[in-house]
Amino acid sequence: MTLRKWIGGPNPAMPDPWMDLEALAEVEVSSEDPSWPIDGALIEGDGHGWRAAVPGEQTLRVRFDAPQSLGVIHLVFEETEYERVQEFTLQWSPDRGRTFHSLVRQQFTFSPTGAIREMENYAVELQDVTDLELHIVPDLSRRPLRATLSELRLR
């Protein structure tokens, strides 16, 4: 009897790894708490996420060195201290930020006694992406709260 086996190639049951944003892009943030740098949200296993240095609306932009194709956008937000309604918008550009196309605008209510985590996985079919922009309004009632992001992963 001969053992049946298969050698080589990617395992179809295992998804492709996340993009290595350190190698493929630069990231621009509107502010950054030195104790919670953006690296903590973008690099797997590199920390506890990102937090803005100042309250209010914040923007994060991933600027790819060369145009990329995107199939999955993974976002995780966490809030354990304040009850609030957060809104974020996600958009992309094929021309170095001269024009943007909207992907999603979403609101989520955080409650320290209930919903403290929002995780989104967007299946997209985007080609020639030069910029991906995430805009966060941390509290729609405009209290002076700081925006946070636990994870942003791309595939």
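Readers should treat all values here as calculations from the given coordinates under stated rules, not as data from a laboratory. All figures in this text were calculated on a predicted structure; none of them were measured in a lab. Please note: Cβ atoms are built from the backbone with ideal geometry, for glycine as well, and neighbour counts cover all protein chains shown.
Taking the charge dipole of the chain about its Cα centre, with +1 at Lys and Arg Cβ atoms and -1 at Asp and Glu Cβ atoms, the residue from F108, L42, S93 reaching farthest to the positive side is F108.
With contributions of -39500 (n - 2.57) from each DSSP H run of at least four residues, the per-residue ellipticity at 222 nm computed over the chain stands at -500 deg cm²/dmol.
Which label belongs to the value computed from this structure, given these candidates for mean projected area of the Cα convex hull in nm²: [x] 12.2; [y] 10.7; [z] 8.9? Read-out taken from this structure: [x].
Comparing A66, A52, A41 in a Gaussian network model of the chain (Cα springs below 10 Å), the most mobile by mean-square fluctuation is A66. Would you mind computing, in nm to one decimal, how far apart the modelled labels at V85 and T59 are, each placed 7 Å from Cα along Cα→Cβ? Here the answer is 2.4 nm between the modelled labels.
Note on L140 and R117: the extension gain reaches 6.6 nm, defined as 0.36 nm multiplied by sequence separation minus the Cα-Cα distance. Extension gain, D33 to W18, is 2.9 nm, computed as 0.36 nm per intervening residue step minus the present C-alpha separation.
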